[in-house]
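I have placed the structure first, in the form of structure tokens, so that the comments after it can refer back to it.
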Amino acid sequence: MKIKAAEEIGIKAQHLVDEVKKLNADPSIHGMIVQVPLDSVNKIDSDLVLDTISPSKDVDGLTTSSAGMLSHGMLTSGFLPCTPNGCMELIRRSGAKIEGATAVVLGRSKIVGTPMAELLKWHNATVTTCHSRTADLSQVTRTADILVVGIGKPELVKGSWVKPGAVVIDCGINAIPGEQLTAASTPYQIETILMVSIYFESKILFISSKDATKKSGQKLVGDVDFKEVSEVASVITPVPGGVGPMTVAMLMQNTVLAGERAAASLRSSQWSMRYLDIQPQDHTPSDIEIARSQTPKDVLELATEVGLQACEVAPYGSKKAKVDLAVLKRLQAAQDGKYIVVAGITPTPLGEGKSTTTIGLCQALGAHCNKNVFACVRQPSQGPTFGIKGGAAGGGWSQVIPMDEFNLHLTGDIHAITAANNLLAAQIDARIFHEATQSDEALYGRLVPAVKGQRAFSKIQLSRLERLGIDKKDPNSLTPEEINKFVRLNIDTNTITWQRVLDINDLFLRKITIRQSDNCIISISVLDTNDRFLRNITISQSDNCIISISVLDTNDRFLRKITIGQSATEKNMTRSCQFDITVASEIMAVLALTTSLEDMRARLGRMVVASDTAGNPVTAEDLGASGALTVLLKDAIRPNLMQTLEGTPVFVHAGPFANIAHGNSSILADKIALKLVGSDGYVVTEAGFGADIGMEKFFNIKCRTSGLVPHCVVLVATVRALKMHGGGPKVLPGTPLPKEYLE
């Protein structure tokens with residue numbers, strides 16, 4: 001009946017599973033139960049539904065995880081099943097001695113019989129489990145000092161089946177036709193429990209059973225013949241009003257217990273972490289050899305160790321993962337840990353050890369001092385990685401691993417920024433082209449098309465109307481002057497500051513002309529955006545040159561100055577522009593400074609890309625691009641979880657330059673890490689470049705935006721850097737270091 005009713009209103013098993021997953025992820029929910037039919041002619045995979053419940057929220061104690069812990073005697077680790085636990089409380093309150101008693105459980109269901117037998121066993125009773133096919137059933141039940149019945153057959157157990165003086169717990173409930181039943185109150189009878197406190201500290205109130213006859217003429221009876229057995233047993237539970245209220249009381253107790261455990265996890269600050277051993281050698285191998293000599297932990301193991309829930313972690317393979325921002329909501333009441341920033345004096349082109357110091361400090365605090373500690377570092381760009389500086393994973397025995405995955409691609413955040421940036425760049429040129437070639441009416445028809453004869457403004461268009469001072473919501477009500485203001489951005493091409501980006505340096509594309517020759521072609525499929533201005537390209541003005549598709553997966557320094565729009569189809573609308581390295585995009589700075597998805601969307605919308613002919617700023621919101629940019633970056637906003645050589649956790653997220661942006665890793669990574677380490681833990685974050693820009697911008701920009709203030713600053717200073725900036729020989733790419741820096 002329940003299945004049929006659910007299907008009639010469109011609810012299927014998958015819908016239920018999806019809802020359970022949502023509740024698992026909701027930190028305001030501490031417990032849940034799924035009521036499934038005990039018996040049904042329809043096939044129900046109840047285990048699938050029940051096992052979707054997080055073990056920490058299984059207050060009914062019926063998942064496979066809870067059953068496994070009960071069978072292993074782990075009575076305080078999970079949650080005890082409500083009905084069996086309620087029966088145990090009734091037995092205890094009867095005054096019967098459980099230890100050493102002979103107990104018989106009639107029934108083997110996963111809800112009552114099997115867990116009941118396990119509970120009695122772990123309370124040192126000698127337990128026999130019976131069922132409908134047990135031979136000489138009445139002879140077995142007559143041996144019981146404690147008899148628990150839950151077999152689903154009305155009044156099966158008769159007085160002759162029960163040992164005189166036994167405690168009888170009737171878990172069955174059955175509706176049968178018959179005369180009105182009134183159960184007499186006896187001094188030995190455990191009856192309806194009206195009020196039981198969660199900790200059973202208040203007085204338990206016993207009253208007589210009420211009339212068990214329904215208006216339909218049916219009456220409710222248990223699996224025990226109450227009239228006969230009450231004359232033999234020392235204690236018996238009535239039906240209804242016996243086990244049922246205790247089940248509810250145990251459910252309430254488990255729910256409070258779940259809440260207490262959730263609160264305790266917020267107060268508890270000590271992780272249970274498996275650290276990885278390293279074996280430093282007299283002769284230090286190369287960084288890549290060291291990195292490959294260590295086998296990282298599975299990222300899900302690491303996530304569990306630092307207190308992340310399964311629903312908050314999205315693995316990218318087995319060694320790195322994205323962490324959902326929902327963890328901030330779950331841990332909003334938790335106290336932050338200690339905040340440490342690592343900066344350095346102005347370094348040499350090779351770098352002078354900020355990342356190595358950051359990672360080494362975290363390994364020392366974690367693996368050697370047994371403190372909760374998180375490192376938060378920037379994600380490196382492929383440009384510097386393949387240049388003179390090299391990777392940014394640290395060095396020697398203080399590295400982030402796997403090092404190759406850390407330095408190259410990671411989870412694709414930089415590529416997502418590339419796609420978002422170039423989408424906006426293409427949109428700018430497309431808007432300029434269409435405004436120059438179409439009338440107001442044609443533009444209006446494209447921007448606000450009629451769908452099934454009806455026009456409607458989108459939310460982003462309503463925002464633009466509001467900024468223009470046009471208080472109208474009906475597209476058909478705009479005047480020609482208002483339509484002109486709405487559809488035309490009038491971008492001044494000489495003021496465009498938004499450039500296309502790539503993520504590696506290529507010297508030979510520093511100056512190119514595109515849309516000039518048909519001898520050198522990049523297919524439109526190369527780009528993630530339909531950028532008509534980059535369909536054909538000529539490099540270095542030479543003929544017969546074909547660029548492979550992979551060229552646009554890297555930051556090509558030879559694309560730093562280009563001319564677009566030289567094709568006849570672009571109607572001579574040419575302009576000079578360039579390709580920048582991806583991490584120089586303003587979107588990278590936005591990603592590092594954002595505090596939520598909503599905040600990121602607002603920041604993206606406020607990005608100024610040019611000025612109009614009147615000198616007013618033109619933003620991404622004016623182009624209607626902020627929503628699409630947010631979608632492209634919805635995964636990039638989540639910090640990346642990795643680990644050090646010794647198994648301590650690391651967040652790798654965002655990597656803006658410090659010379660043109662603020663040069664620090666993301667605020668979100670720092671905030672999540674501070675919650676996870678707890679009040680006694682440490683978060684070590686890194687300020688990029690030198691202290692003169694990276695650290696100053698950390699204080700002046702990042703701290704003001706995040707509201708966080710560091711407890712300590714670690715300043716990395718090296719003799720080599722002091723020599724170089726004090727007049728030492730220059731450090732040149734591709735040449736050995738001068739001897740002055742090696743002495």
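The values are calculated or read from the model by the stated rules, or taken from the named source; none is laboratory data. Worth saying up front: this structure is predicted, and the values here are computed from it rather than measured. We place every Cβ from the backbone using ideal geometry, glycine too, and count neighbours over all the protein chains shown.
Tabulated values for the structure
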read-out	value
Residues within the stretch 430-451 that are among the polar types (S, T, N, Q) and in contact (Cβ under 8 Å) with a residue 40 or more places away in the chain, tallied	1
Selection within the stretch 461-481 - in a helix (DSSP H, G or I), surrounded by fewer than 17 Cβ atoms within 10 Å (Cβ to Cβ) and either touching a residue at least 12 places away in the same chain (Cβ under 8 Å) or within 40 Å of the chain's Cα centre (by Cα) (or both)	461, 462, 463, 466, 467, 468, 476, 480
Flag if residue 728 is modelled with pLDDT of 85 or more and either outside any helix (DSSP H, G or I) or on the phi > 0 side of the Ramachandran plot (or both)	yes
Answer residue from the stretch 699-714, given it is in a helix (DSSP H, G or I) and out of contact with any helix residue (DSSP H, G or I) (no Cβ under 9 Å at 6 or more places or on another chain) and is farthest from residue 672 (Cα to Cα) among those	700
Index of the failed condition, residue 365 passing every other in (1) surrounded by 19 or more Cβ atoms within 10 Å (Cβ to Cβ); (2) at pLDDT below 90	(2)
Only one of 592, 610 that is in contact with a strand residue (DSSP E or B) (Cβ under 8 Å, 6 or more places away or on another chain), of a type in the set (A, V, I, L, M, F, W, C) and within 21 Å of residue 662 (Cβ to Cβ)	592
Residues located in the stretch 388-408, provided they are surrounded by fewer than 21 Cβ atoms within 10 Å (Cβ to Cβ) and at pLDDT below 80	388, 389, 390
Residue check for residue 357: of a type in the set (S, T, N, Q), crowded, with 18+ Cβ neighbours inside 10 Å and at pLDDT 90 or above	yes
Selection within the stretch 290-344 - modelled with pLDDT under 90 and of a type in the set (Val, Ile, Thr)	290
Among residues of the stretch 268-279, those that are surrounded by 10 or more Cβ atoms within 10 Å (Cβ to Cβ) and modelled with pLDDT under 85, counted	2
Which numbered condition residue 263 fails, given (1) more than 20 Å from residue 62 (Cβ to Cβ); (2) at pLDDT 90 or above; (3) assigned to a helix (DSSP H, G or I); (4) not polar (S, T, N, Q)	(2)
Any hit, the stretch 617-632, residues being touching a residue at least 12 places away in the same chain (Cβ under 8 Å) and under 24 Å from residue 373 (Cβ atoms)	no
Options 321, 333, 326; residue that is of a type in the set (Gly, Ala, Ser), out of contact with any Cys (no Cβ under 9 Å at 6 or more places or on another chain) and surrounded by fewer than 20 Cβ atoms within 10 Å (Cβ to Cβ)	333
Criterion: surrounded by 16 or more Cβ atoms within 10 Å (Cβ to Cβ) and closer than 16 Å to residue 144 by Cβ - qualifying residue of 129, 114, 83	129
Total residues in the stretch 260-315, condition more than 17 Å from the chain's Cα centre (by Cα) and of a type in the set (A, V, I, L, M)	10
Filter result for residue 106 (touching a His at 6+ places or on another chain (Cβ under 8 Å) and touching a residue at least 40 places away in the same chain (Cβ under 8 Å))	yes
Test for residue 108: is it closer than 21 Å to residue 239 by Cα and out of contact with any Phe, Trp or Tyr (no Cβ under 7 Å at 6 or more places or on another chain)	yes
Those helices (runs of 4 or more DSSP H) lying entirely in the stretch 1-91 with at least 3 residues modelled with pLDDT of 90 or more and closer than 25 Å to residue 117 by Cβ	64-71
